[in-house]
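The values are calculated or read from the model by the stated rules, or taken from the named source; none is laboratory data. Quick caveat: nothing in here was measured; it's all calculated off a predicted structure. Because the Cβ atoms are built from the backbone with ideal geometry, glycine has one as well, and the counts that use them run over all protein chains shown.
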Amino acid sequence: MIKDLWYKNAVVYCLSVGTYMDANADGIGDFQGLMRRLDYLHGLGITAIWLMPFQQSPGRDDGYDISDFYTVNPAFGSMGDFVEFTHGAKQRGIRVIIDLVVNHTSNEHPWFQEARRDPNSKYRDWYIWSRKRPPRANKGMVFPGVQKSTWTRDPVAKQWYFHRFYDFQPDLNTSHPAVQAEILKIMGFWIQLGVSGFRMDAVPFVISTKGADVKTPREQYDMLRDFREFLQWRVGDSIILAEANVLPRTDMQYFGDDGDRMHMMFNFQVNQNLFYALATADTRPLAKAMNKTEKRPASGQWGIFLRNHDELDLGRLTKKQRQQVFDAFGPNPEDQLYDRGIRRRLAPMLGGDRRRLELAYSLMFTLPGTPVLRYGDELGMGDDLSLKERTCCRTPMQWSTEPNGGFTKSDKPIVPVISDGPYGYEHINAAEQRRDSDSILNWTERIIRMRKEVPEVGWGEFEVLKTADPAVLAIRYDWRNNSVLFMHNFAEDPREVEFRTGVKGKTGERLVNLLTADHSRADENGKHRVCLEGYGYRWYRVGGLDYLLKRTDF
Ligand code: NOJ
Ligand code: CA
């Protein structure tokens, strides 16, 4: 196996330029501002940035409605600023991956404008039309409760067009060879400007058959191979991270049996069951989800996350499980969204409880895959439920106690900065947390530092160990003649568990704690007994700290 697949053992940080830092005081974050924060990110220890959409856009879905794929939205800066940014990141050893939003365009995109105006335009076929209102027009909405249908009549074209998402996001006809060629061109363009790959938006919809007469959409998986082939031919170490909330039985279709499709996928299955476990202290469904998603090509990788910029989608849990998560983390109607999720940020969901935050983060860093953390979560930032839909968890980064949290010198930030109350910038900000060695920011920095020295998580094989207590999850990873073992207690009260490491001989008898000085030795029967405090966690090396002397090269 190739040793230097960077994404197998990366720490990804996702941010949107518009809410990170505003250098020119117009209230909107920009690339110059982000550039000035690269040293902060470098210090935090992250190794890759996932940058959310920043291209020209009317901004009706936070940039996921693009009106020109080949420009930077002037509000964020110029193309020159963008290249300065990717260069600055590269100098610090930080990779940049960007959103690739090609399932649809904005309805203001010139392609759509021309398509609707002129039936003979070459762009007409780039979208999906129907003369009559299709019978399934009120099915398949991604944003139920907000989005009324998936087909809308366009008065100019005098036809109906298909939109999987909002009506201002007409779907591209992604089966059309010209559209596919354009998608490759878009990738080629940004790759040339210094990015290391893409977080591909809405992949199942991109590869789906679309049209008024399509009863059961079919996924055209070969398209994924074409994307990858093109990308890796242009720049060998660039990757695609797929947003595909699909069932475990189709995972391998996305990775490809030979690892010839997507490099990475977000593990939504583990994400939802993780929140179920956090809510109920029952880790069994989580262990099941981990085992079900274990299979992946050696070069493939899961993205492990807690919260992202969207709602916490619980649609894959059973009704009863979902209700339990709602009850624990988002009981009020205003906490919930689209009949399936919670729109809150992590810290308020966990009641700001430091023990639970550490537990959740420790899991994000030790579940099988590559951690993807959301900006502001390293501070325990909160949300603003007075903002609509998903905007509530997209408020500006809180840098200091300066006005507007140091995000902008303007008094009109693009989205209000959270102020007052326990999550206001007056309390939660990077500057104060830097001074406090016990802050969540410094904790995160230390845990990232340790995580980078535990490549077993990214590369190794794992096994969920038997502990006889469903509240305690124990995982062992093996890689290159080394093993690490992680334990997490999801219960509020202390739990004592007995277990075997599963590693034979003398090595398995010793567990060296990587975070504190409390180590464990097995009894004469080879069993370890560990007492975990409420919400406690342990990171162990199996055997001892001579592990690097024992590591094999393959
Ligand atoms: C998924 C993105 O994460 C979400 O924010 C967006 O609204 C939709 N795709 C449409 O692009
Ligand atoms: Ca600005």
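Residues in the stretch 514-548 that are part of a loop (DSSP other than H, G, I, E, B), more than 23 Å from residue 492 (Cβ to Cβ), without any contact (Cβ under 8 Å) to a residue 60 or more places away in the chain and not aliphatic (A, V, I, L, M): 8 in all.
With the structure loaded, tell me whether residue 179 is surrounded by fewer than 21 Cβ atoms within 10 Å (Cβ to Cβ) and touching a strand residue (DSSP E or B) at 6+ places or on another chain (Cβ under 7 Å) or whether it fails that test. It is true that residue 179 is surrounded by fewer than 21 Cβ atoms within 10 Å (Cβ to Cβ) and touching a strand residue (DSSP E or B) at 6+ places or on another chain (Cβ under 7 Å). The condition of being at pLDDT 95 or above, in contact with a helix residue (DSSP H, G or I) (Cβ under 6 Å, 6 or more places away or on another chain) and buried (at least 18 other Cβ atoms within 10 Å of the Cβ) holds for only one of 375, 425, that being 425.
Name the residue, out of 445, 492, that is among the acidic types (Asp, Glu), touching a residue at least 24 places away in the same chain (Cβ under 8 Å) and in a loop (DSSP other than H, G, I, E, B).
Going through 445, 492 in turn, just one is among the acidic types (Asp, Glu), touching a residue at least 24 places away in the same chain (Cβ under 8 Å) and in a loop (DSSP other than H, G, I, E, B): 492.
Here residue 112 does not qualify as buried (at least 22 other Cβ atoms within 10 Å of the Cβ), within 16 Å of ligand 2 (Cβ to nearest atom) and part of a helix (DSSP H, G or I).
Here is a yes/no grid of residues against (1) of a type in the set (Asp, Glu); (2) surrounded by 17 or more Cβ atoms within 10 Å (Cβ to Cβ); (3) within 14 Å of ligand 1 (Cβ to nearest atom); (4) in a strand (DSSP E or B):
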site	(1), (2), (3), (4)
137	no, yes, no, no
141	no, yes, yes, no
153	no, no, no, yes
166	no, yes, yes, no
169	no, yes, yes, no
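Residue 204 meets each of the listed conditions (1) under 20 Å from residue 250 (Cα atoms); (2) part of a helix (DSSP H, G or I); (3) away from ligand 1 (no atom under 15 Å from the Cβ) apart from (3).
Among the residues of the stretch 376-399, are any within 23 Å of residue 45 (Cβ to Cβ), touching a residue at least 40 places away in the same chain (Cβ under 8 Å) and not in a loop (DSSP other than H, G, I, E, B)? Among the residues of the stretch 376-399, not one is within 23 Å of residue 45 (Cβ to Cβ), touching a residue at least 40 places away in the same chain (Cβ under 8 Å) and not in a loop (DSSP other than H, G, I, E, B), which makes the answer no. Cβ separations smaller than 8 Å between residues 6+ apart or across chains give the following pairs from the stretch 20-32 residues that are within 6 Å of ligand 2 (Cβ to nearest atom) to residues that are in a loop (DSSP other than H, G, I, E, B) and among the basic types (Lys, Arg): 22/409.
Here is the figure for the stretch 504-550: residues that are under 33 Å from the mean Cα position of the chain (by Cα), within 14 Å of residue 481 (Cα to Cα) and surrounded by 13 or more Cβ atoms within 10 Å (Cβ to Cβ) total 3. Restricted to the stretch 428-442, and to residues there that are buried (at least 19 other Cβ atoms within 10 Å of the Cβ) and in contact with a Ser or Thr (Cβ under 9 Å, 6 or more places away or on another chain), the residue that is nearest to residue 384 (Cα to Cα) is 429. The stretch 1-106 holds strands (runs of 3 or more DSSP E) entirely within its bounds, and those carrying 2 or more residues that are within 16 Å of ligand 1 (Cβ to nearest atom), among the hydrophobic types (A, V, I, L, M, F, W, C) and closer than 26 Å to residue 433 by Cα map to 12-15, 48-51. When 211, 194 are screened for being among the small types (Gly, Ala, Ser) and either under 19 Å from residue 48 (Cβ atoms) or in a strand (DSSP E or B) (or both), only 194 passes.
Selection of the stretch 190-218 for residues being over 14 Å from residue 241 (Cβ atoms) and touching a helix residue (DSSP H, G or I) at 6+ places or on another chain (Cβ under 7 Å) yields 191, 193, 194, 207.
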